[in-house]
1. What are the residues in segment 106-127 that are in contact with a Leu (Cβ under 9 Å, 6 or more places away or on another chain), open to solvent by 40 Å² or more (accessible area, probe 1.4 Å) and either more than 13 Å from the ligand (Cβ to nearest atom) or on the phi > 0 side of the Ramachandran plot (or both), if any?
2. Provide a single number: the residues in segment 78-105 that are touching a residue at least 60 places away in the same chain (Cβ under 8 Å), part of a loop (DSSP other than H, G, I, E, B) and more than 10 Å from the ligand (Cβ to nearest atom).
3. Could you list all residues from segment 80-105 that are acidic (Asp, Glu) and modelled with pLDDT under 90?
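The values are calculated or read from the model by the stated rules, or taken from the named source; none is laboratory data. From a predicted model like this one, the values you see are computed outputs, not experimental measurements. Here the Cβ positions follow ideal geometry from the backbone for every residue, glycine too, while neighbour counts run over all protein chains shown. Only protein heavy atoms, including side chains, enter the accessible area calculation; ligands, DNA and RNA are left aside. Shrake-Rupley method; radii C 1.70, N 1.55, O 1.52, S 1.80 Å.
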Amino acid sequence: MNETASTQKVPIVCKVDDLSTTGWVERRDLPQGERFQRAAKIFMVFLAAAFLTVFVPVLHFVLPPLSLLIGATLALNEYAGTGEVVNGEVTCPNCKNKMSLPVETETWPRVQRCSGCSFSLTIDREK
Ligand SMILES: [Zn+2]
């Protein structure tokens, strides 16, 4: 199952208080072109929202600049993400529930709620 040579499997640690388990994620570096495309797509959606809300009475003083601001912030945030988690699995240290990690821009440490016991799990790369 290694059709894309650019993904790396990285060991992770999952913590709740003083309990911890290990797991793994598969990550990949995002090429600059793809990062730009994603960021542009996000900004376009908010730009469209800004144009549409121009026609809303009274609220047009607030909504268009607000959606442009949010769009720019989210787009920059997306562009700043240099990696992506494509797959992964952790075991909850508390209830031993196995969870797969959603596809997401890579940030460490990340916090995820256990689908079994609703504890907040802190997931970080193994050091
Ligand atoms: Zn749990």
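1. Of all residues in segment 106-127, those in contact with a Leu (Cβ under 9 Å, 6 or more places away or on another chain) come to 106, 110-114, 123.
Still in the running and open to solvent by 40 Å² or more (accessible area, probe 1.4 Å): 111, 113.
The one that is in contact with a Leu (Cβ under 9 Å, 6 or more places away or on another chain), open to solvent by 40 Å² or more (accessible area, probe 1.4 Å) and either more than 13 Å from the ligand (Cβ to nearest atom) or on the phi > 0 side of the Ramachandran plot (or both): Val111.
2. 1
3. Looking only at segment 80-105, we keep the residues that are acidic (Asp, Glu), and these are 84, 89, 104.
Answer for segment 80-105, where residues must be acidic (Asp, Glu) and modelled with pLDDT under 90: just Glu104.
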